[in-house]
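No value in this document is a laboratory result; all are computed from the given coordinates. Nothing here was measured: the structure is a model prediction, and the numbers come from that model. Every residue, glycine among them, receives a Cβ derived from its backbone with ideal geometry; neighbour counts consider all protein chains shown.
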Amino acid sequence: MDTENNIKTLIIKKPLKLDCGKVIKNFPIAYETYGSLNSKKDNAILVFHALTGDQFVTGINPITKKDGWWSYAVGPDKAIDTNKYFVICSNVLGGCMGSYGPSHKDPDNQNIFGTNFPVITINDMVNAQYNLLDHFGIDKLFSIAGGSMGGMQVLQFISNFPEKSKTVIPIATTSSHSAQNIAFNELGRQAITADSDWNDGNYNKKNSNPGKGLAVARMAAHITYLSKKGLQEKFGRKLQEREDLKFGFDADFQIESYLRYQGSVFVDRFDANSYLYITRAMDYFDLAKQFKGNLSDAFLNTKAKFFIISFTSDWLYPTQENKDIVIALNSIGADVGFVEIKSDKGHDSFLLDVPDFLNALKNFIDKSYIENKI
Amino acid sequence: MKNEFKVIADLIEQDKKVLDVGCADGVLMKFLKENKNANIRGLEISKNKVQECIAKGLTVIEGNAEKDLKQFPDKSFDYVVLSQTLQAFLNPELVLDELLRVGKKAIVTIPNFGYWKVRFHLLFKGTMPVTKTLPDEWYNTPNLHMCTIKDFFNFVRAKDIKIFKSLALNDLNTSLINSSNLGSKNLFADLGIFLIEK
């Protein structure tokens, strides 16, 4: 696999002080762009990916050879129209698609970091990504958008850099990771670290991979991305290529087979230590806490126009948690719109073909862009 | 645009911050934005209507006025508009109080149950009135608390709410309501428009 040549990286020379206190410098941020930056440089949209996403937003991902994670929403004539807008997305700090992460070597001793990589936060991620604006010479983004953990980065970005985006689109997200979500993440981390091949994070040295643990983590997480109704309609109690129950522990049901498949393909493309680091960053995310418990204060200095979107069947980042952000913005008179999209597809709705969502997203972006021109 | 909206728009000066509660498909919002340079927000309960507003490039929040007005700070809008919806709330008094808390001024319009056609309908037909402004049947109407212009007039006065302007609408005719003509306006107007403040 020609991995190296397909990944664009920006080396951040400037030291970045992380929330954990450590300082990193000369580190890579991997990114991809779509569309072209116009001469006024006013059509750039910075997209942030979720837990297991990467910089390959749309088109064919050159590494996995599958469609980019947001192909339904981003591309020519799509909601985020790459004929009009210049879309930038980078792999998060701690990730495993080229950005500085636990599978990189520690410059101090040339050993692979593993769990010696510093614990990173959502704040660290956006501070690292901010360097992309300088790289492209963009003074102000037209928009920032992202769902789930991408939405957390959107919120953190506009809080850190209040004048750097005209519009702000957090989708199916939260301003503070809930106990339930921390619990699910912990379940995933425990599955990984319980795998004997994890070797305290040093699996690279031993040429092993905690694939079983990582697959279980993915299976558990995958359930949380769907809705009960969606699962029931898609799988029900349908059996997997068999006439009747086999009275054993093979995958009798289609849902079992489906989850096993999801787990196995995930292992091929994702690093177990990155999974630990990124889920930790999500758990640590509490934007209100950064402002002494007052979420509104996170947005006091921005004049950006917000558009927040949630989904009826999303029980991982439910409507109320998205509405809490709307409420915080309204209480300071910010410009905020909100819509809850009806969908049975659970948290994953933002990644899927949900026309009401894609239409709302397109209308908001296109109308805001035109308005901005006048 | 319907006459009611033209009358409402005439009550709002240029460059004001306006909240349209129950903004529906955003026709009034769009007009105020384009013609009065209003900094305008909408609150709307219907998902389809919210989508129509977004398609018009309007800032709208999907929500329920009975629960979601409380997130707005006191006097955070110059005007809060509520068009023909007060009677549909479970607790209209609470909503009215919220409108007057959030808005420096509120513009409330009510379909007049005292309109002569409504009275005649009930008197002679003996069935629940169905008119242009009250198009639904008794079994599917969203209206829970119908009132007359006189009822509303007396209600806001009893609550010490200041009435800046009250207007009676009948098709394209608009006229002022005052204490002396209240009885006749209550009979001949099918819609009342009130500019109020607390």
Fewest-first ranking of A:L358, A:L46, A:L352, B:L100, using other Cβ atoms within 10 Å as the exposure measure: A:L352, A:L358, B:L100, A:L46
Candidates B:Y79, B:Y139, B:Y115: whichever shows maximal mean-square fluctuation once chain B is modelled as a Gaussian network with Cα springs under 10 Å: B:Y139
Choice from A:D297, A:D268, A:D250 showing the highest fluctuation, given a GNM over chain A with Cα pairs closer than 10 Å: A:D250
Order of A:W70, B:W116, B:W138 - criterion: other Cβ atoms within 10 Å of each residue's Cβ, fewest first: B:W138, B:W116, A:W70
Cα Rg over Rh - chain B, Kirkwood: 0.95
As computed over the range A:99-206, the Cα convex hull volume per residue (Å³): 120
Exposed-loop-free span, longest in chain A, where GluC sites (Glu not before Pro) count as exposed if DSSP calls them loop and at most 15 other C-beta atoms lie within 10 Å: A:1-162
Acute angle (nearest 10 degrees) that the helix B:149-158 long axis makes with the longest principal axis of chain B, alpha-carbon atoms: 60
Net charge dipole size for the protein assembly as shown [Lys, Arg +1 and Asp, Glu -1 on Cβ; Debye, nearest 20]: 1280
Beta bridges by DSSP in the range A:104-261, antiparallel share as percent, to the nearest 5: 25
Fewest-first ranking of A:T52, B:T127, A:T193, A:T115, using other Cβ atoms within 10 Å as the exposure measure: B:T127, A:T115, A:T193, A:T52
Top of A:H347, A:H177, A:H135 by mean-square fluctuation, Gaussian network on chain A, Cα under 10 Å: A:H135
Distance histogram for the range A:1-159 (every C-alpha pair counted, 5 angstrom bins, percent rounded to whole numbers): 2, 9, 18, 22, 22, 15, 8, 4, 1, 0
Proportion of all alpha-carbon pairs of the protein assembly as shown beyond 38 Å (%): 40
Principal axis dimensions, the range A:306-363 - Cα atoms, whole angstrom, descending: 34, 25, 14
The range A:182-279 - Rg and Dmax from Cα coordinates, angstrom: 15.1, 45
Length-normalised contact order of the range A:182-279 in % [C-alpha pairs under 8 Å, at least 6 apart]: 30
Taking all pairs of distinct alpha-carbon atoms in the range B:1-112, Kirkwood radius in angstrom: 13.7
Aspartates and glutamates with Cα under 20 Å of A:K212, excluding same-chain neighbours fewer than 8 positions away: A:E186, A:D195, A:D197, A:D200, A:D250, A:D252, A:E256, A:D268, A:D271
